[in-house]
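Colleague: Following this message is one structure expressed as structure tokens.
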Amino acid sequence: MNSGETVIKTANLTKQFGDFVAVNQISFEVYKGEIFGFLGANGAGKTTAMRMLCGLSIPSSGNATVAGFDIYRQPEQIKRQIGYMSQKFSLYEDLTVKENIHFFGGIYGLDNQELKTKSDALIAQLGLQSEAKTLVRELPLGWKQKLAFSVSVLHKPKIVFLDEPTGGVDPVTRRQFWTLIYEAASNGITVFVTTHYMDEAEYCNRVSIMVDGSIEALGTPQELKTQLNETTMDGVFYQLARGAKREA
Amino acid sequence: MEQFIAFVKKEFYHVLRDRRTLFILFGMPLAQILIFGFALTNEVKNARIAVFDQAKDEASQQLISRITASGYFEIQEDVMDNSLMEDAFKSGKIKLAIIFPRHFENDLFHQHHAQIQVIADASDPNTATTLTSYISSIIQDYQAELAGGAAVMPYQIIPEIRMLYNPQLKGAPNFVPGVMALVLMLVSVMMTAISIVREKETGTMEVLLVSPFKPTWVILSKAVPYLILSLVNVLTILLMSVYVLDLPIAGSWVLLLAESTLFIITCLTLGIFISIKTKSQQVAMLISLMGMLLPTIMFSGFMFPIENMPLPLQLISNVVPAKWFYIIIKSIMIKGLGFEGIWKETLILIMITLFFFLLSLRSFKIRLE
Amino acid sequence: MVEHSASGAGSSKKSLNMIAVNHISKTYNGGAVKAVNDVSFTVDRGELFGLIGPDGAGKSSIFRMLTTLLLPDSGTATVNGYNIVTNYQQIRSSVGYMPGRFSLYQDLSIEENLHFFATLFNTTVEENYHLIADIYVQIAPFKKRRAGKLSGGMKQKLALCCALIHKPTVLFLDEPTTGVDPVSRKEFWEMLGRLKRQGITIVVSTPYMDEASLCDRIALIQQGKILSVDTPQQIIAAYPDQLYAVKAADMLRLVQILPTFRPSVNSYLFGEYIHVDALDINGDGLKDDLIRFLDAEGFKGIEVIPISPTIEDCFIKMLTS
């Protein structure tokens with residue numbers, strides 16, 4: 001799954017708002033097909049960092065490439081190579097399942113033929129055949145989130161950014177969601193995910209933990225547990241984030 | 001009572017800390033008064049006029065040369081007779097026409113008084129009044145000159161002024177009551193509605209409901225700050241019209257303020273009613289703008305004379321509170337009428353207010369929908 | 001606040017239960033959406049009671065009915081002896097409520113928010129300061145800052161202070177920890193523990209299963225239905241089967257292979273392990289079978305450990321059976 005090809009590379013990436021350093025010189029690499037957990041307390045700077053990587057926000061200093069494109073000069077190319085899904089915004093509630101798939105596929109430039117085959121395949125895969133013409137707002141949250149994820153990888157992006165994709169979802173659906181993530185990763189899509197569920201940190205190939213704008217730890221879950229002498233990721237996170245100066 | 005005061009205090013914090021609200025509250029009336037005021041006091045230069053000199057004597061020529069020399073007017077030479085004049089007015093080629101009677105000089109020096117006809121296009125009432133007043137003062141100067149410094153004018157020229165198209169001169173000093181109605185609609189209806197609906201949107205309404213503070217008091221204490229702010233607005237507009245625009249108030253200040261307070265309360269009940277019926281700030285704003293502000297502009301008589309409208313629209317205008325307020329304020333400010341002259345309109349406003357108050361009370365829910 | 005003490009409430013109304021919910025149901029859109037479906041439970045005085053379930057399970061609807069904001073379609077409920085429909089005014093003046101979204105005035109400062117809510121409830125910050133003291137000191141250095149400029153954790157603390165300032169008999173907290181990071185969540189639960197020791201009954205809802213064990217008793221809820229009400233220990237003890245935690249070098253393949261082991265075996269990811277629920281088959285025979293099976297499939301570093309379930313396991317069990 002890990003071919004060693006680097007798809008995200010940052011070097012001293014920094015974002016400052018006035019005196020406030022939201023993201024402080026972070027440097028890391030993410031490899032193709034990897035599930036990369038991007039953890040941190042509220043206010044640690046995760047969202048800001050993610051925005052820069054998606055080409056939505058210009059860094060104050062430092063460098064980064066995403067899918068081989070420079071985040072300063074080629075944000076438009078980056079946007080074509082990535083998928084994005086967040087807990088808050090993912091699908092249009094007042095469009096049907098099918099309309100959402102067609103709309104999002106369409107804006108990523110899939111042609112009609114592709115759209116047709118892909119949307120049928122997707123609906124079948126999620127077992128939504130009888131719900132294809134249902135408004136998204138009437139679906140249970142878990143289904144919505146699964147659908148939103150599938151839509152975000154419909155155009156086969158190199159990287160998909162997931163911002164707390166499983167918040168509030170029931171434990172069974174949450175696990176089905178992760179099965180989808182595994183499938184995407186085994187198809188070579190790099191998954192960059194934030195979560196507040198520490199058991200989900202274990203499902204990642206590698207995990208970084210941000211504290212006060214800096215990356216305090218980075219490694220496989222096993223490495224981090226050994227390094228900090230903890231038995232669970234919960235313990236690892238608590239040990240690192242407890243020392244945060246920034247008010248959470 | 002303490003709860004009530006704390007609530008009102010909080011409401012003031014909201015208003016004072018939101019620049020957009022502040023701007024609408026105080027910038028709007030100022031801007032409107034200045035814009036209208038500017039249009040009103042704007043000096044007219046090189047207005048095209050026609051002179052129809054049937055006398056063609058020395059006196060008429062002297063007066064015409066003075067008019068030309070003033071710099072305010074530009075005489076259109078080709079409009080020289082009655083029939084041409086009407087066309088010229090209609091096409092907007094001239095704004096004003098002066099007609100000298102056949103024996104002007106003779107009348108003036110032998111009968112000691114002569115008449116001049118001054119016809120103005122009053123479809124633009126501001127310009128029409130300005131132009132006629134210029135003509136009048138030029139004529140007065142000429143008279144004074146003929147008198148040679150005597151206290152009693154030996155020779156009188158009487159300008160007979162006719163306003164075409166809009167004989168009652170709708171507009172000019174009438175915009176202040178109009179602006180007042182508009183601003184109060186905006187502040188009292190829209191701001192109140194939005195501020196209540198905002199609490200629903202942010203979820204604070206839930207906490208307020210789950211408190212010993214009675215829900216109806218929540219609504220009432222929302223109204224008080226906007227009542228005060230609206231009164232400040234009314235005072236600002238009135239003071240500006242008196243001191244900046246030199247538009248005196250003919251009637252009683254007390255009556256004027258009392259009637260304004262009544263109209264503000266009407267607006268507040270409307271705002272509260274909207275806020276009870278809507279769930280989002282956007283909808284509240286849309287309804288306030290489309291349902292309240294638009295009819296105010298259309299049907300208050302401020303922009304468009306109601307008596308020129310087709311009957312169905314005239315009937316609709318009767319349910320627009322701003323129409324009655326507009327009549328009341330105009331009567332007090334311009335005509336100087338007392339309460340006996342406006343009690344009917346006042347009664348209608350009170351009825352409308354009561355209607356919406358009771359409707360609000362009925363549809364108000366002490367729980368979430 | 002005195003009128004809500006024991007004498008004021010009337011001894012006849014004073015039951016052992018602080019909250020008693022009797023078969024309440026709530027539907028929306030004219031019955032199309034069943035938000036709460038025949039729910040019953042009781043909460044004792046001084047108890048820390050948790051409503052545990054995912055989004056859309058009906059937790060907020062239950063909270064809103066108990067705080068008199070919604071009327072149930074059917075069923076009855078009492079809070080501190082007061083009926084939620086007929087005695088809503090008494091309930092409103094004696095409970096504290098923190099809705100899902102932190103309902104603060106964003107343009108008022110910490111101090112102003114707190115004073116406003118205190119006055120609203122006819123009390124002063126000074127009168128009940130002891131209740132909020134150890135939470136408030138953490139945000140006091142920023143008391144002039146507007147609530148809108150606060151971070152999530154600080155907003156949460158301020159909202160809690162505002163809900164507590166009138167010394168409520170019951171505190172209703174609707175998903176206070178949703179979207180909050182694990183460290184802040186832990187701190188928040190420590191605060192709840194201290195409040196409980198001061199004698200306040202607390203009803204809290206959360207989608208995080210790991211928070212269940214911090215409650216005295218919990219109700220597991222899904223799609224408007226209560227799956228189980230008991231102490232976390234009892235719920236775990238009632239788990240019918242033996243559970244195993246399984247691990248091997250290639251976890252991804254393990255997830256895919258395990259369902260083919262036996263049709264009666266349910267398996268799912270759980271942190272670094274995969275939990276295998278042996279359903280009705282007990283005893284160590286299964287463990288040996290499983291190890292043999294995985295060996296034969298060529299897995300390396302196989303671990304199979306019998307474990308006791310967590311609340312999340314119990315919840316999954318209830319959802320899948």
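Colleague: Quick one: count up the residues across segment C:24-62 that are in a strand (DSSP E or B) and more than 21 Å from residue C:78 (Cβ to Cβ).
Modeller: 5
Colleague: Let me ask you something else. On the given criteria, is residue B:298 free of Cβ contacts under 8 Å to residues at least 40 places away in the same chain, loosely packed, with under 13 Cβ neighbours inside 10 Å and under 23 Å from residue B:179 (Cβ atoms)?
Modeller: When the stated conditions are applied, residue B:298 does not pass them.
Colleague: Let me ask another. Could you give me the residue pairs with C-beta distances under 8 Å whose first residue belongs to segment B:204-216 and is within 8 Å of chain C (Cβ to nearest Cβ) and closer than 21 Å to residue C:106 by Cα, whose second residue is at pLDDT below 85 and not in a helix (DSSP H, G or I) wherever it lies, and which are 6+ apart or on separate chains?
Modeller: Taking only residues 6 or more apart or on different chains, the pairs are B:204/C:103; B:206/B:368; B:206/C:103; B:207/C:103; B:209/B:366; B:209/B:367; B:209/B:368.
Colleague: Could you name every one of the helices (runs of 4 or more DSSP H) located completely within segment C:107-208 that has at least 2 residues being within 12 Å of chain B (Cβ to nearest Cβ) and of a type in the set (Gly, Ala, Ser)?
Modeller: Numbers: elements: C:110-120, C:129-139, C:152-164, C:182-197.
Here the list reads C:152-164.
Colleague: For segment A:82-99, enumerate the residues that are touching a residue at least 40 places away in the same chain (Cβ under 8 Å) and either more than 19 Å from the chain's Cα centre (by Cα) or assigned to a helix (DSSP H, G or I) (or both).
Modeller: A:92, A:93, A:94, A:95, A:96, A:97 - these are the residues of segment A:82-99 that are touching a residue at least 40 places away in the same chain (Cβ under 8 Å) and either more than 19 Å from the chain's Cα centre (by Cα) or assigned to a helix (DSSP H, G or I) (or both).
Colleague: Something else now. From the set of residues in segment A:157-171 that are more than 23 Å from residue A:43 (Cβ to Cβ) and in contact (Cβ under 8 Å) with a residue 40 or more places away in the chain, which is surrounded by the most Cβ atoms within 10 Å (Cβ to Cβ)?
Modeller: Per the criteria, the residue is A:159.
Colleague: Is segment C:227-246 home to any residue that is within 12 Å of chain A (Cβ to nearest Cβ), in contact with a Lys or Arg (Cβ under 8 Å, 6 or more places away or on another chain) and buried (at least 17 other Cβ atoms within 10 Å of the Cβ)?
Modeller: no
Colleague: Restricting attention to segment A:206-229, which residues are without any contact (Cβ under 8 Å) to a residue 24 or more places away in the chain, more than 12 Å from chain C (Cβ to nearest Cβ) and assigned to a loop (DSSP other than H, G, I, E, B)?
Modeller: A:229
Colleague: Restricting to segment C:45-78, name every residue that is within 10 Å of another protein chain (Cβ to nearest Cβ) and among the aromatic types (Phe, Trp, Tyr).
Modeller: Within segment C:45-78, just C:63 meets the criteria.
Colleague: Also, quick follow-up: Please tell me if residue B:342 is in contact (Cβ under 8 Å) with a residue 60 or more places away in the chain and farther than 16 Å from residue B:186 by Cβ.
Modeller: yes
Colleague: Would you be able to tell me the number of residues in segment A:48-72 that are farther than 19 Å from residue A:189 by Cα and of a type in the set (Val, Ile, Thr)?
Modeller: Summing the residues that are farther than 19 Å from residue A:189 by Cα and of a type in the set (Val, Ile, Thr) in segment A:48-72 gives 3.
Colleague: Restricting attention to segment A:104-129, which residues are within 26 Å of residue A:168 (Cα to Cα) and of a type outside the set (Gly, Ala, Ser)?
Modeller: Answer for segment A:104-129, where residues must be within 26 Å of residue A:168 (Cα to Cα) and of a type outside the set (Gly, Ala, Ser): A:104, A:122, A:123, A:125, A:126, A:128, A:129.
Colleague: What about residue B:362, is it touching a Leu at 6+ places or on another chain (Cβ under 7 Å) and surrounded by fewer than 20 Cβ atoms within 10 Å (Cβ to Cβ)?
Modeller: So residue B:362 fails the test.
Colleague: Let me ask you something else. I'd like to know if segment A:67-76 contains one or more residues that are surrounded by 23 or more Cβ atoms within 10 Å (Cβ to Cβ) and without any contact (Cβ under 8 Å) to a residue 60 or more places away in the chain.
Modeller: Restricting attention to segment A:67-76, the residues satisfying the condition of being surrounded by 23 or more Cβ atoms within 10 Å (Cβ to Cβ) are A:71.
After this cut, where a residue has to be without any contact (Cβ under 8 Å) to a residue 60 or more places away in the chain as well, the list is A:71.
Yes, that holds for at least one residue.
Colleague: Of the conditions (1) modelled with pLDDT of 90 or more; (2) crowded, with 22+ Cβ neighbours inside 10 Å; (3) out of contact with any Cys (no Cβ under 6 Å at 6 or more places or on another chain), residue B:189 fails just one. Which one is it?
Modeller: (3)
Colleague: Here's a follow-up. Could you tell me which of the residues B:237, B:287 is crowded, with 18+ Cβ neighbours inside 10 Å and within 30 Å of residue B:367 (Cβ to Cβ)?
Modeller: Exactly one residue qualifies, and that residue is B:287.
Colleague: Still on this structure: Could you go through segment C:250-257 and let me know if any residue there is in contact with a His (Cβ under 9 Å, 6 or more places away or on another chain), at the interface with chain A (Cβ under 10 Å from one of its Cβ atoms) and closer than 23 Å to residue A:37 by Cα.
Modeller: Checking segment C:250-257: not a single residue is in contact with a His (Cβ under 9 Å, 6 or more places away or on another chain), at the interface with chain A (Cβ under 10 Å from one of its Cβ atoms) and closer than 23 Å to residue A:37 by Cα.
Colleague: Here's something else I'd like to know. Mind checking which pairs have a first residue in segment B:251-271 that is in contact (Cβ under 8 Å) with a residue 24 or more places away in the chain and a second that is aromatic (Phe, Trp, Tyr), Cβ under 7 Å, 6 or more apart or different chains?
Modeller: B:255/B:339; B:263/B:325; B:268/B:226; B:269/B:356; B:269/B:357; B:270/B:356
Colleague: Another question about this same structure. Give the residue, chosen from C:80, C:17, that is at pLDDT below 95, surrounded by fewer than 19 Cβ atoms within 10 Å (Cβ to Cβ) and not hydrophobic (A, V, I, L, M, F, W, C).
Modeller: The conditions single out C:17.
Colleague: Across segment C:301-321, what is the total count of residues that are in contact (Cβ under 8 Å) with a residue 60 or more places away in the chain and either outside any strand (DSSP E or B) or at the interface with another protein chain (Cβ under 9 Å from one of its Cβ atoms) (or both)?
Modeller: Residues in segment C:301-321 being in contact (Cβ under 8 Å) with a residue 60 or more places away in the chain and either outside any strand (DSSP E or B) or at the interface with another protein chain (Cβ under 9 Å from one of its Cβ atoms) (or both): 11 in total.
Colleague: Another question, then. Within segment B:98-106, is there a residue that is within 19 Å of residue B:138 (Cβ to Cβ), modelled with pLDDT under 80, charged (D, E, K, R) and in contact with a helix residue (DSSP H, G or I) (Cβ under 9 Å, 6 or more places away or on another chain)? Before the answer, list the steps.
Modeller: Applying the first criterion (within 19 Å of residue B:138 (Cβ to Cβ)) to segment B:98-106 yields B:98-101, B:104-105.
Imposing the further condition that a residue be modelled with pLDDT under 80 reduces the set to none.
So far as segment B:98-106 goes, no, none of its residues is within 19 Å of residue B:138 (Cβ to Cβ), modelled with pLDDT under 80, charged (D, E, K, R) and in contact with a helix residue (DSSP H, G or I) (Cβ under 9 Å, 6 or more places away or on another chain).
Colleague: Another question, if that's okay. Yes or no: segment A:100-120 includes at least one residue that is part of a strand (DSSP E or B), surrounded by 17 or more Cβ atoms within 10 Å (Cβ to Cβ), touching a residue at least 40 places away in the same chain (Cβ under 8 Å) and not small (Gly, Ala, Ser). Spell out how you get there, then give the answer.
Modeller: Of all residues in segment A:100-120, those part of a strand (DSSP E or B) come to none.
No, segment A:100-120 contains no residue that is part of a strand (DSSP E or B), surrounded by 17 or more Cβ atoms within 10 Å (Cβ to Cβ), touching a residue at least 40 places away in the same chain (Cβ under 8 Å) and not small (Gly, Ala, Ser).
Colleague: The conditions are (1) crowded, with 17+ Cβ neighbours inside 10 Å; (2) farther than 23 Å from residue A:234 by Cβ; (3) modelled with pLDDT under 90; (4) within 14 Å of chain C (Cβ to nearest Cβ), and residue A:131 fails exactly one of them. Which is it?
Modeller: (4)
Colleague: Does residue A:79 satisfy the criteria of being in a helix (DSSP H, G or I), of a type in the set (D, E, K, R) and under 19 Å from residue A:162 (Cα atoms)?
Modeller: For residue A:79, the condition - in a helix (DSSP H, G or I), of a type in the set (D, E, K, R) and under 19 Å from residue A:162 (Cα atoms) - is met.
Colleague: Go through segment B:240-253 and count every residue that is closer than 14 Å to residue B:330 by Cα and surrounded by 16 or more Cβ atoms within 10 Å (Cβ to Cβ).
Modeller: 4
The values are calculated or read from the model by the stated rules, or taken from the named source; none is laboratory data. Remember, predicted model here, so these are calculated numbers, not experimental data. Note that we place each Cβ from the backbone using ideal geometry, even for glycine, and neighbour counts take in every protein chain shown.
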